[in-house]
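Below: one structure, written as structure tokens.
The values are calculated or read from the model by the stated rules, or taken from the named source; none is laboratory data. Only a predicted model underlies this, so the values are computations on that prediction, with no experimental measurement involved. We place every Cβ from the backbone using ideal geometry, glycine too, and count neighbours over all the protein chains shown.
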Amino acid sequence: MKPGISVVGSVNMDLVFRTPRMPAPGETLSGHEFHEIPGGKGANQAVAAARMGGAVSLIACVGADGFGRRSQQTLQQDGIDITHVRVADDCASGVAGILVCDDGENSIVLAAGANARLSPADVTAAQDVIGAGKLLLCQLEVPMETVQAALACAKRQGVRVVLNPAPVQALPEGMLAQVDYLVVNETEAGQLSGVAVQDVDSAAQAAQALLGRGVGAVLLTLGEHGVLAADAAGQQHFPGLKVQVVDTTAAGDTFVGALAVGLGQGLDLRAAAAAAQYAAALTVTRLGAQSSIPQLAEVEAFRAHAG
Ligand code: RIB
């Protein structure tokens with residue numbers, strides 16, 4: 001039985017330039033190549049959950065343009081229910097300009113477009129879908145009031161909530177107490193907890209501070225240094241997996257989608273985090289967002305080989 005996962009979040013077309021390095025301010029730099037790749041944190045997490053075996057519904061908003069149509073098509077090819085992906089007639093789809101350097105690091109600039117139109121009314125229209133799922137996934141590329149409405153909708157119906165607070169920003173009072181699983185990177189954890197995350201010890205302190213603010217569990221991703229899982233039962237650090245880094249875009253999104261499917265299948269926090277780490281590690285070996293998210297069989301083969 002596939003676990004039902006709903007995602008309230010963004011859909012972007014990623015305009016990706018591969019470059020030797022980041023340009024300096026005012027500099028014109030010749031890049032290697034250009035790609036248009038479907039992305040957006042909400043859509044990426046939906047795709048990851050679908051490829052890992054979830055029955056996924058996406059609640060989102062796109063523009064009535066080519067990018068929006070292409071995004072919808074690729075989501076459907078992954079078997080995602082897009083009944084609640086609304087088309088806004090009078091604005092452009094969300095776009096992300098992404099620079100990916102030879103060392104795999106990236107920089108991203110967003111133009112929210114139709115993502116800014118996703119409203120609490122869209123959440124209300126999808127409340128039965130959210131209530132029928134095991135977990136709800138949210139990020140912060142859509143309006144905060146919409147995220148608040150989604151969390152409230154899930155909590156009312158007894159659905160567990162995963163929040164990935166990216167791009168990081170101040171959260172409304174009380175929001176963290178509604179979150180069952182908070183997935184953060186070092187920057188996000190530092191900003192939300194007030195503890196600068198530099199290593200596993202400071203990550204543990206930041207996670208403890210976030211648990212103190214009412215979060216059920218914290219998954220703190222540390223890039224090449226792995227993942228820290230923390231809840232009331234204690235903390236566990238999973239060291240990083242050794243892979244050839246091509247592009248880190250969507251690694252966090254893959255982790256979130258895979259984590260949700262594991263939790264929805266009944267795995268405990270630590271088992272779900274361990275499985276999700278393998279999926280995310282494969283993502284960084286490939287270019288792009290949805291182009292890099294692996295299928296379940298690839299993750300299983302990678303894990304069997306690594307183990
Ligand atoms: O997390 C990666 C995503 O962030 C990209 O796909 C881009 O669209 C931005 O939303």
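With respect to (1) acidic (D, E); (2) in contact (Cβ under 8 Å) with a residue 12 or more places away in the chain; (3) away from the ligand (no atom under 12 Å from the Cβ), the lone exception for D128 is condition (2). For region 75-110, a residue qualifies if it is over 17 Å from the mean Cα position of the chain (by Cα) and closer than 20 Å to S292 by Cβ, and the qualifying residues are Q76, Q77, G79, G97, L99, V100, C101, D102, D103, G104, E105. A residue that is at pLDDT 95 or above, among the hydroxyl-bearing types (S, T, Y) and buried (at least 18 other Cβ atoms within 10 Å of the Cβ) cannot be found anywhere in region 112-124. Considering every residue within region 209-224, establish whether at least one is touching a residue at least 12 places away in the same chain (Cβ under 8 Å) and either among the hydroxyl-bearing types (S, T, Y) or in contact with a Lys or Arg (Cβ under 7 Å, 6 or more places away or on another chain) (or both). Yes: one or more hits.
Every residue, every condition in (1) at pLDDT 95 or above; (2) more than 30 Å from S30 (Cβ to Cβ), yes or no:
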residue: A60; (1), (2): yes, yes
residue: I82; (1), (2): yes, yes
residue: R86; (1), (2): yes, yes
residue: C91; (1), (2): yes, yes
residue: V95; (1), (2): yes, no
residue: L99; (1), (2): yes, no
residue: D102; (1), (2): no, no
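Within region 50-92, which residues are among the β-branched types (V, I, T), within 16 Å of the ligand (Cβ to nearest atom) and over 17 Å from P143 (Cβ atoms)? If the condition is that a residue be among the β-branched types (V, I, T), within 16 Å of the ligand (Cβ to nearest atom) and over 17 Å from P143 (Cβ atoms), then T74, I80 are the ones that fit. Being part of a strand (DSSP E or B), surrounded by 21 or more Cβ atoms within 10 Å (Cβ to Cβ) and touching a residue at least 40 places away in the same chain (Cβ under 8 Å) holds for only one residue in I108, I98, and it is I98.
With respect to the stated conditions, T146 is crowded, with 17+ Cβ neighbours inside 10 Å and not aliphatic (A, V, I, L, M).
Being under 19 Å from the mean Cα position of the chain (by Cα), under 19 Å from S107 (Cα atoms), β-branched (V, I, T) and at pLDDT 95 or above: is that true of V284 here? When the stated conditions are applied, V284 passes them.
For every residue, the table says whether it meets (1) charged (D, E, K, R); (2) more than 16 Å from the ligand (Cβ to nearest atom).
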site	(1), (2)
S6	no, yes
G9	no, no
N12	no, no
V16	no, no
T28	no, yes
E33	yes, yes
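Conditions (1) surrounded by 24 or more Cβ atoms within 10 Å (Cβ to Cβ); (2) of a type in the set (D, E); (3) touching a residue at least 40 places away in the same chain (Cβ under 8 Å), marked per residue:
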{"residue": "P165", "(1), (2), (3)": "no, no, no"}
{"residue": "V179", "(1), (2), (3)": "yes, no, no"}
{"residue": "E186", "(1), (2), (3)": "no, yes, no"}
{"residue": "G194", "(1), (2), (3)": "no, no, no"}
{"residue": "V197", "(1), (2), (3)": "yes, no, no"}
{"residue": "A203", "(1), (2), (3)": "yes, no, no"}
{"residue": "A207", "(1), (2), (3)": "yes, no, no"}
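Has region 212-221 got any residue that is within 16 Å of A279 (Cβ to Cβ), in contact with a helix residue (DSSP H, G or I) (Cβ under 9 Å, 6 or more places away or on another chain) and not aliphatic (A, V, I, L, M)? Looking through region 212-221, at least one residue is within 16 Å of A279 (Cβ to Cβ), in contact with a helix residue (DSSP H, G or I) (Cβ under 9 Å, 6 or more places away or on another chain) and not aliphatic (A, V, I, L, M). The one condition from (1) touching a Phe, Trp or Tyr at 6+ places or on another chain (Cβ under 6 Å); (2) within 11 Å of the ligand (Cβ to nearest atom) that L99 does not meet is (2). When you look at V47, is it within 16 Å of the ligand (Cβ to nearest atom), modelled with pLDDT of 95 or more and within 15 Å of the chain's Cα centre (by Cα), yes or no? Yes. Here region 152-185 is the region considered, the condition is being over 20 Å from N115 (Cα atoms) and assigned to a helix (DSSP H, G or I), and the residue that is farthest from the ligand (Cβ to nearest atom) is R156. For region 285-307, the candidate set comprises residues that are within 15 Å of T248 (Cβ to Cβ) and touching a Gly at 6+ places or on another chain (Cβ under 7 Å); within that set, the residue that is farthest from the ligand (Cβ to nearest atom) is Q290. Over 27 Å from L259 (Cβ atoms) and out of contact with any Cys (no Cβ under 8 Å at 6 or more places or on another chain): does that describe P25? When the stated conditions are applied, P25 passes them.
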